[in-house]
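**Q** Below is a structure I'd like to ask you about.
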Amino acid sequence: METEHVRSTARKLDAAAEQIYLEIDRVARQGRSIPWQSPRRDRYVASLEELCKKIQRHAQQGAELSQRLQREVDKWIAVNERGANRFKKIKRSLADQSLIISESSGVILASAQVLGASTLINAQYSQEYRDMSWKARFAEQGNLLGQIDAAQMRISGMRTTEEIQNDINDIDAQLADLERKKNEAQAKAGIWYNNLIPDWPLERDSDGVPWRVIADDFEDEVAKYDQQIQGLQSRRQALLDELNLRQQTENNLADLYTRQDALNQVINEGIPADGPTKPAWLHKQLAGCTYYVAHKRDVSDFGGGHPGDAKVWDNQARAAGYEVGRQPAKGAIMVFERNNNVMPKVSDAGHVAYVENVERVDGGYKVTISQANTQYKDKNKKDFERGVYIGENISNVIVKDDSKGISFIYEKPNKS
């Protein structure tokens, strides 16, 4: 609920009802004071007073509606504050827990560290990103960064909510003062002795009556106050629009952060380690780095069930329906061709490793990989042992945004 907008509407409704009530009361008094002696005068005055009473009853209904609006806003704010306090208590109680799913709200609360802060992940966004391909996820990462930068830039060019609200409060105080003065002037304009016809010479009034009375001066004040009030109300509406735009931009930025957190969590979860490769006899046909990685990931359908040398795994995986790309992801198989600019001294057969972790750095990524080497039967390295590996290790490599000769095997796209 836009509480300030509703309150503004209620105040306008109440002011309008009060103005109508006072104006009709003034008209009724003037009608009764008409110097007209005739039976028709009595019927006219009776009809006028009946009409005035009907109009005043409608004005009273308007004032009651204004009060109802104010009460609804107060109730809404109270409920909202209770909900916010309850959420803070829940969040504090979950500070040291892992992952809690609230089925009633459809929101996942996690005390996971993403970019050094605890995050609130929206389940709907998380599912949306899990249904995406890895290529689409990486593209969405860049898209969200661009949108967040744009929203932050827009907000930096806006006045703060406090500054805008202070201006609104100042105008509200001025409006209240003008309304008070206007009501006083209206009351004085309705007093009977201020409507007495003056002595000669008569001064024609702007309303067409061939004389001017003291009440006309007060009516001129009312008109002046109306003009000032209208100007202030226009300024107030402009401020409300400014405040609404600020709040919408902040809400949009908060939603972008929620999306970013959800996407980062999905990406950080990585690709499930579905190894070892089965059947065992196929697994043992591999050697060295391929045999090691086949412990982590199931590669049984590479090459139509016959995985080849490491250098062709990316093409074999792509042909088997796996998604393959240039950007690292946790759980992916990293394929090194002989001529690459990430890891030197790769053999003609190529090399594969398993991605343990990915960290964004300036100009690229620091990729933590686990890998192993081949056990050869002779010093010339022409014949190797199948079903074994040696030199298992974990190391870091820097994959720049423009790296060559490397690729990453992700997983088969989600078909659900």
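**Q** If you go through region 235-252 one residue at a time, do you hit one that is assigned to a helix (DSSP H, G or I) and under 27 Å from LYS135 (Cβ atoms)?
**A** Checked against the condition, which is being assigned to a helix (DSSP H, G or I) and under 27 Å from LYS135 (Cβ atoms), region 235-252 yields at least one hit.
**Q** Assuming ARG180 fulfils every condition listed in (1) at pLDDT 90 or above; (2) touching a helix residue (DSSP H, G or I) at 6+ places or on another chain (Cβ under 6 Å) apart from one, which condition is it?
**A** (2)
**Q** Which one is farthest from ASN340 (Cα to Cα), of the residues in region 363-396 that are in contact (Cβ under 8 Å) with a residue 60 or more places away in the chain and hydrophobic (A, V, I, L, M, F, W, C)?
**A** Our first condition is that a residue be in contact (Cβ under 8 Å) with a residue 60 or more places away in the chain; within region 363-396, this holds for 370-375, 384-390, 392.
Pick out the ones that are also hydrophobic (A, V, I, L, M, F, W, C) and you get 372, 384, 388, 390.
Numbers: ALA372: 18, PHE384: 24, VAL388: 26, ILE390: 23 Å.
Step by step, filter region 363-396, then rank; the result is VAL388.
**Q** Continuing with this model, one more query. It is to be established whether one or more residues within region 142-164 are over 30 Å from ALA238 (Cβ atoms), modelled with pLDDT of 90 or more, over 18 Å from the mean Cα position of the chain (by Cα) and in a helix (DSSP H, G or I).
**A** No.
**Q** Can you pull out the residues in region 243-297 that are β-branched (Val, Ile, Thr) and within 30 Å of LYS377 (Cβ to Cβ)? Give the derivation first.
**A** First, pick out the residues of region 243-297 that are β-branched (Val, Ile, Thr): 249, 258, 266-267, 271, 277, 290, 293.
Answer for region 243-297, where residues must be β-branched (Val, Ile, Thr) and within 30 Å of LYS377 (Cβ to Cβ): THR277, THR290, VAL293.
**Q** Here are some conditions: (1) over 30 Å from ILE148 (Cβ atoms); (2) part of a helix (DSSP H, G or I); (3) at pLDDT below 95. ASP255 meets all but one. Which one does it not meet?
**A** Among (1) over 30 Å from ILE148 (Cβ atoms); (2) part of a helix (DSSP H, G or I); (3) at pLDDT below 95, the lone unmet condition for ASP255 is (1).
**Q** Go through (1) at pLDDT below 80; (2) surrounded by 15 or more Cβ atoms within 10 Å (Cβ to Cβ); (3) among the charged types (D, E, K, R) and name the single condition LYS188 misses.
**A** Among (1) at pLDDT below 80; (2) surrounded by 15 or more Cβ atoms within 10 Å (Cβ to Cβ); (3) among the charged types (D, E, K, R), LYS188 violates only (1).
**Q** Something else: Tell me the residue from VAL335, VAL312 that is modelled with pLDDT of 95 or more, touching a strand residue (DSSP E or B) at 6+ places or on another chain (Cβ under 9 Å), surrounded by fewer than 20 Cβ atoms within 10 Å (Cβ to Cβ) and under 20 Å from THR374 (Cβ atoms), please.
**A** Selected residue: VAL312, the only one of VAL335, VAL312 that is modelled with pLDDT of 95 or more, touching a strand residue (DSSP E or B) at 6+ places or on another chain (Cβ under 9 Å), surrounded by fewer than 20 Cβ atoms within 10 Å (Cβ to Cβ) and under 20 Å from THR374 (Cβ atoms).
**Q** Could you check region 31-57 and list, in sequence order, the residues that are under 30 Å from SER8 (Cβ atoms) and without any contact (Cβ under 8 Å) to a residue 12 or more places away in the chain?
**A** Looking only at region 31-57, we keep the residues that are under 30 Å from SER8 (Cβ atoms), and these are 52-57.
Result: LYS53, LYS54, ARG57.
Rundown of residues vs (1) of a type in the set (Phe, Trp, Tyr); (2) surrounded by 12 or more Cβ atoms within 10 Å (Cβ to Cβ); (3) closer than 17 Å to VAL293 by Cβ; (4) in contact with a Lys or Arg (Cβ under 7 Å, 6 or more places away or on another chain), yes/no style:
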| residue | (1), (2), (3), (4) |
| --- | --- |
| ALA349 | no, yes, yes, yes |
| VAL352 | no, yes, yes, no |
| VAL358 | no, yes, yes, yes |
| VAL367 | no, yes, yes, no |
| GLN371 | no, yes, yes, no |
| PHE384 | yes, yes, yes, yes |
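**Q** Follow-up question, since we're still on this one. Tell me which residues, restricted to region 280-295, are farther than 20 Å from GLU337 by Cα, surrounded by 17 or more Cβ atoms within 10 Å (Cβ to Cβ) and touching a residue at least 40 places away in the same chain (Cβ under 8 Å).
**A** HIS283
**Q** State all residues of region 387-415 that are assigned to a loop (DSSP other than H, G, I, E, B) and surrounded by 13 or more Cβ atoms within 10 Å (Cβ to Cβ); if no residue qualifies, say none. Lay out the reasoning, then the answer.
**A** Initially, region 387-415 is screened for residues assigned to a loop (DSSP other than H, G, I, E, B), giving 387-389, 401-405, 410-415.
Residues satisfying the conditions are GLY387, VAL388, TYR389, SER403, GLY405, TYR410, GLU411, PRO413.
The values are calculated or read from the model by the stated rules, or taken from the named source; none is laboratory data. Since the model is a prediction, treat every value here as computed from it, not as a measurement. Cβ coordinates were reconstructed from backbone atoms using ideal geometry, including for glycine residues, and neighbour counts include every protein chain displayed.
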